[in-house]
Amino acid sequence: MTIRTSGFKTSRRAFLSGGAGLVLALTLPVPGRRLLAQEAAAPAAVAIPPNAFVRIAADDTVTVMIKHIEFGQGPMTGLATLVAEELDADWSQMRGALAPANAAWYGNAVLGGLQGTGGSTALPSSFMVMRRAGAAMRAMLVEAAAAEWGVPAAEITVSKGVIAHAGSGKQSGFGALAEAAGALTPPAEPVLKTPEQWTLIGTDLHKLDTDEKTDGKAMFTLDQYPEGMQVVVVAHPPAFGATVASFDDSAALAVPGVRAVHQIPQGVAVYADNTFAALKGRDALAVTWDEANAETRDDAELAAMTLAAARQPGITVEEEGGDLAAAFAAEGSTLHEAEYQFPFLAHAPLEALDGLLTVSGDSAHASYGSQFPGLDQPTIAGILGLDPAKVTLDVMLAGGSFGRRATGDAHLAAELAEVAKAAGDGSYKLMWTREDDIKGGYYRPMTAHRFRAATDADGKITAWENVVSGQSLLAGTPMEPMLQGAPDATAFEGSVELPYDLGARRVGFEQTKTGVPVLWWRSVGSTHTAFAVEMFLDEVLVGAGKDPVQGRLDLLKPDDPRPRAVIEKVAEMAGWKGPNGTEGKGYGMAYAKSFGTYVAQIAEVEDRDGAPHVTGVWCAVDCGVAVNPNVIRAQIEGGIGFGLSAALFSQITFGAGGRVQESNYDSYRMLRIGEMPDVQVEIIASTADPTGIGEPGVPPIGPAVANAWRALTGTQTRKLPMVQRGVV
């Protein structure tokens, strides 16, 4: 570790009140250091010390630089909790600030050193790093106090932000000692608390970003209005892969407030004094599109292609348990078969894409909700032809993402830079409407699953085959080298490494290709694999006369007790008596492990006008150490609502000529607030290192609901969404 007391650069306003104080730099974890050393061309990786900082200001506030974007998943609170715990700070003195783009300082070791947020890695990647920071700072403050007071350091205590020596009666806050502590050498191996000594980890702490989001003080991209700023909207192609053939901008330029129109690689950009003028100008544009290379297949054609692919053997991505063909051919076996289809899905966050970029001579400054600043910063520099060191990027709060802001081709940054490149020096706020995003964004891929299973005379599963078909998320993007020639595991994750002993088992993958851009979507592959696996398993168990809960417990492999714990806990919570409930209700369960977190859910469903309505959900979760149970419960509840939207209502469909049919929340149906069920969450106590929590609440809810619906009505769900448009 090193100490930096000067030269610390940040534009976040939380630091403005800091003044002199203690600034601590943390050493990069080994994987991140190794990768950065290999990326010699990465501008921020050159001669820049460590990647994360904590500052104690003169007013006793402790500000933690958060290297992960905050869009509601809670890293600002979680990472600050780790520092506060080891520092023995009072929670009221803690602050959080989003770190600017600097891959060398803020690289995510779990993502190979890339500065970015994804895969529910924020807390797992920082658990030990931030604790060590807090512990080191505490030791240095104590050492500084001992020197100033002339007392043994061992006699000094720290509690709730107060440093005290009982013998002399002296005490101090952190701020008064920060400068002296900052001059000391930090301990090489700071002593961490044991779990028994934790007072903040494991407690429900108030989220640091809630108050300003509630009272309107929180700043988002939309809140920025630099002098002379122009608002820019882009006319994008009506079909993916189409390009501009020609355009007439005379009517657009006649709209009051419109300043200019320029063609850029992504379409035709309209520059105006305000959003209204920009949109009116875009409406007035006359653009002719070249669709020679566009994706023009409609939904039926794309679905047929995807299902046909799932009927192929595919590449074997996992096999275990012996001779599959022999297991299927065994005398007395009963064969079970099913196919499942999943639509394209939009992310549809509340805040549509936007970004602000100011270009002046040989430098540029961007500020927006960047999920991958490690990709965005060099992308902007490359397009503008600038020295990367001259491009700065402040990461701002974002109103949701669910993966939408984490594109491997940094497309928002690229479009923002192209807008500025076409117009020259100035400030440009690029705006996407929600219609732009839903009709022309990136989607969860359309996928299909084909299953075969065999059971013996006792109903025991002896053979299991699952072929998954769908697009790769990485193929064709700048991230394709990560595959290293292997099939894209994000397309079939959740269908391999199951906790169940299913006899002879094989999982295959058949990659499809379309012109539709695809992207990871909250919980990625497990959004469809968990549904298909857990519904087919349920069908086979019930078909063999077994109880869905006990049947799963009987299948669990003995090497990991954690799946058993969450399944047994959720059954206890729900008072499980079987899937066929009373008073017109059905019950279904599902289990899924994603991002290292174990989740089991039971859904209670009733029939309302021929459609499923979910009235209650019980959930047991094991995510290792529960740093902030309040955040964990919130993420699980949010994940259940998000997953219910997909299972019940949401889909992107393509009409004639490859035109997307949905455009906003009126046609891209999502769960309404009055449809949110009562959710009860139990967190399994654990001493294991914390794992992801932003995404694992999503995968089990769909199959839990579908299993309950089948128990209630006998209807097998083979295709999502369960409720087709216009029914409810």
Restricted to region 174-190 and to residues being open to solvent by 20 Å² or more (accessible area, probe 1.4 Å) and out of contact with any helix residue (DSSP H, G or I) (no Cβ under 6 Å at 6 or more places or on another chain), the residue modelled with the highest pLDDT is ALA176
Return the pairs, sorted by first residue and then second, in which the second residue is open to solvent by 20 Å² or more (accessible area, probe 1.4 Å), the first residue lies in region 247-264 and is among the basic types (Lys, Arg), the beta carbons are less than 8 Å apart, and the residues are 6+ apart or on different chains.
ARG259/GLN230; ARG259/ASP273
Residues located in region 140-161, provided they are closer than 16 Å to ALA57 by Cβ and either within 40 Å of the chain's Cα centre (by Cα) or not assigned by the TED database to the domain that holds ASP60 (or both):
MET140, LEU141, GLY161
Which of the residues spanning region 669-690 are exposed (fewer than 14 other Cβ atoms within 10 Å of the Cβ), under 18 Å from PRO563 (Cα atoms) and among the aliphatic types (A, V, I, L, M)?
ALA685, ALA688
Give the residue, chosen from PRO487, PRO481, that is in contact (Cβ under 8 Å) with a residue 12 or more places away in the chain and assigned by the TED database to the domain that holds GLU318.
PRO487
Every pair of residues 6+ apart whose Cβ atoms lie under 6 Å, when the first sits in region 584-602 and is in a strand (DSSP E or B) while the second is open to solvent by 10 Å² or more (accessible area, probe 1.4 Å) and among the basic types (Lys, Arg)
TYR598/ARG562
Quick one: which strands (runs of 3 or more DSSP E) sit completely within region 122-215 and have at least 3 residues that are touching a His at 6+ places or on another chain (Cβ under 7 Å) and touching a residue at least 24 places away in the same chain (Cβ under 8 Å)?
none
Would you confirm, using the coordinates I've provided, whether GLU295 is charged (D, E, K, R), in a strand (DSSP E or B) and touching a residue at least 24 places away in the same chain (Cβ under 8 Å)?
no
Can you tell me which of ALA381, ALA448 is in contact with a strand residue (DSSP E or B) (Cβ under 6 Å, 6 or more places away or on another chain) and not assigned by the TED database to the domain that holds THR653?
ALA381
Which of (1) of a type in the set (S, T, N, Q); (2) farther than 30 Å from ALA97 by Cβ; (3) in contact with a strand residue (DSSP E or B) (Cβ under 8 Å, 6 or more places away or on another chain) is the odd one out, the single condition THR392 does not satisfy?
(2)
For SER246: the one exception among (1) in contact with a strand residue (DSSP E or B) (Cβ under 9 Å, 6 or more places away or on another chain); (2) assigned by the TED database to the domain that holds ASP88; (3) of a type in the set (S, T, N, Q)
(2)
Scan region 364-381 for residues that are open to solvent by 30 Å² or more (accessible area, probe 1.4 Å) and closer than 15 Å to GLY408 by Cβ and jot them down.
LEU375, PRO378, THR379
Checked region 631-666 for anything farther than 30 Å from LEU82 by Cα, free of Cβ contacts under 8 Å to residues at least 60 places away in the same chain and either open to solvent by less than 20 Å² (accessible area, probe 1.4 Å) or part of a helix (DSSP H, G or I) (or both); matches are SER645
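The values are calculated or read from the model by the stated rules, or taken from the named source; none is laboratory data. Owing to the predicted nature of the structure, the values given are computational and were not obtained by experimental measurement. Heads up, the Cβs are rebuilt from the backbone with ideal geometry, glycines too, and the neighbour counts pull from every protein chain shown. Heavy atoms of the whole protein, side chains included, go into the accessibility calculation; ligands, DNA and RNA do not. Shrake-Rupley method; radii C 1.70, N 1.55, O 1.52, S 1.80 Å.
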